[in-house]
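Below is one structure, written out as structure tokens, with a few remarks after it.
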Amino acid sequence: MIRRRITDRLRTLLDESPAVALLGPRQVGKTTLAQDLGEGRDSIYLDLESDADRAKLSDPELYLAAHEDKLVILDEVQRMPGLFQNLRGLIDRGRRKGLRSGRFLLLGSASIDLLRQSGETLAGRIAYAELAPLDPLEVGPTDLDRLWLRGGFPDSFLAKGDPASLRWRRDFIRTYLERDIPALGPRIAAETLRRFWTMLAHRQSALSNAADLGRALGVDGKTVASYLDLLVDLMLVRRLEPWHANIGKRLVRSPRIYVRDTGILHALLGLGTMDDLLGHPVAGASWEGLVIETAHATMPDGTEAQFYRSGAGAEVDLVLTLPGGGCWAIEVKRSLAPKVERGFHHACEDLQPERRIVVYPGVEAFPLPNGIEVMSLRQFGQELSALR
């Protein structure tokens, strides 16, 4: 499966920067994509979870200096945080020799750790890209329901049947809890973190409330915050921040929380078929999460994604503030005959958006009164992608 949009972006970044970090959760396809990129040029690949490859880097500068004419792909680079200082020296020496682009491609599954490490030592020398699970623009128009149910991890989406897909996702969750997270350092009981992750799934799209979650888990609010930070750092959960400005209104300040991949969300809730999903109360919030992830995957760089909610009940599911100024107000509906509530109109009076959009599960686009555009999820992604 060729992911053209991110592949083209990576090629551009490698032409412009000596180091590029490709971030994304495990099993999302980073290694496959990086190796495909490496086939078109002289390159070497090192997996830093492999003892043999780690041994090659016992003296990183000596080994990597011998390959300064190649693209060096370093997978799971957060496993060797001390390596970033060596990369800085190699990049600076290479620049003096005229080697200014395409030297290192760093793959990582822990965004904040990787960003912190690279940001401290590679400032001005590194560019970043995120590889998210598959989105509606990367699958066929008839595959949207399968993408929604199974999520966008390639092995889950492409499984032979729904039972096989659900087994893969359950194994993915178990591997993260029992192996990957402990390997990153946090000492959290796997069952405790599973309960927390499942609680977030039941509260998909709800406002974050550390006190309530802490009471349910038997821990304090600070501990809940640390659990949430961890899942956000691993790019498994998204915090959607509230829109705020000095407009003289009381606005909600707490973020909304989403399990980012709908397939993982459904596996946490034991939903293996479309009938299971459509009969569950989470269906609407799950669809909303898919729309929000599609926006993040397709919107131009520099776009701010937030939601709007006032104390008086004015509400917009997603507010996109575009890099050139102005914003789009997006309402998400799971109905084929969407109706817009009064709260959306009141919010638009406050926001004065350039476009008012309702994303629904149908195919045909049509207008509603007050300048509202109703469109499919696929069209919504295409409209955003066209702004890049």
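The values are calculated or read from the model by the stated rules, or taken from the named source; none is laboratory data. Everything numeric here is computed off the predicted structure, so don't read it as measured data. Ideal geometry is used to build each Cβ from the backbone, glycine not excepted, and the neighbour counts take in all protein chains shown.
Criterion applied to Leu177, Leu144, Leu122, Leu137 was being in contact with a Phe, Trp or Tyr (Cβ under 7 Å, 6 or more places away or on another chain), hydrophobic (A, V, I, L, M, F, W, C) and either touching a residue at least 12 places away in the same chain (Cβ under 8 Å) or buried (at least 21 other Cβ atoms within 10 Å of the Cβ) (or both), and the one residue passing it is Leu122. One residue alone among Gly185, Gly218 is more than 30 Å from Thr31 (Cα to Cα) and modelled with pLDDT under 95, and that residue is Gly218. Evaluating Arg3 against the criteria (1) within 27 Å of Gly151 (Cα to Cα); (2) modelled with pLDDT of 90 or more leaves one unmet condition, (2). For the range 14-30, taking the residues that are assigned to a helix (DSSP H, G or I) and surrounded by 20 or more Cβ atoms within 10 Å (Cβ to Cβ), the one that is farthest from the chain's Cα centre (by Cα) is identified as Leu14. Going residue by residue through the range 58-68, is there one that turns out to be under 22 Å from Phe153 (Cβ atoms) and aromatic (Phe, Trp, Tyr)? Looking through the range 58-68, none of the residues is under 22 Å from Phe153 (Cβ atoms) and aromatic (Phe, Trp, Tyr).
Considering the range 349-381 alone, what residues qualify as being among the charged types (D, E, K, R) and closer than 21 Å to Thr321 by Cα?
Taking the range 349-381 and keeping what is among the charged types (D, E, K, R), we get 349-350, 354-356, 364, 373, 378.
Scanning the range 349-381 gives Glu349, Asp350, Glu354, Arg355, Arg356, Glu373, Arg378.
Which residue out of Leu105, Leu64 is in the same structural domain as Leu14 (by TED's automatic domain parsing), hydrophobic (A, V, I, L, M, F, W, C), outside any strand (DSSP E or B) and crowded, with 18+ Cβ neighbours inside 10 Å? Of Leu105, Leu64, the one residue that is in the same structural domain as Leu14 (by TED's automatic domain parsing), hydrophobic (A, V, I, L, M, F, W, C), outside any strand (DSSP E or B) and crowded, with 18+ Cβ neighbours inside 10 Å is Leu64. In the set (1) surrounded by 14 or more Cβ atoms within 10 Å (Cβ to Cβ); (2) closer than 30 Å to Arg150 by Cβ, the condition left unmet by Glu49 is number (1).
Is it true that Arg260 is surrounded by 14 or more Cβ atoms within 10 Å (Cβ to Cβ), assigned by TED's automatic domain parsing to the domain that holds Gly152 and touching a Lys or Arg at 6+ places or on another chain (Cβ under 6 Å)? In short, yes.
Residues that are over 21 Å from Gly151 (Cα atoms), of a type in the set (Ser, Thr, Tyr) and out of contact with any Asp or Glu (no Cβ under 6 Å at 6 or more places or on another chain): which helices (runs of 4 or more DSSP H) entirely in the range 182-253 hold 3 or more of them? By residue number, 221-233. Taking the criterion of being under 18 Å from Phe380 (Cα atoms) and either assigned to a helix (DSSP H, G or I) or acidic (Asp, Glu) (or both), the residues of the range 126-154 that qualify are Asp135, Pro136, Leu137, Glu138, Pro141, Thr142, Asp143, Leu144, Asp145, Leu147, Trp148.
So which of Phe344, Phe366 ends up being without any contact (Cβ under 8 Å) to a residue 60 or more places away in the chain, touching an Asp or Glu at 6+ places or on another chain (Cβ under 9 Å) and more than 29 Å from His202 (Cα to Cα)?
Of the residues listed, the single one that is without any contact (Cβ under 8 Å) to a residue 60 or more places away in the chain, touching an Asp or Glu at 6+ places or on another chain (Cβ under 9 Å) and more than 29 Å from His202 (Cα to Cα) is Phe366.
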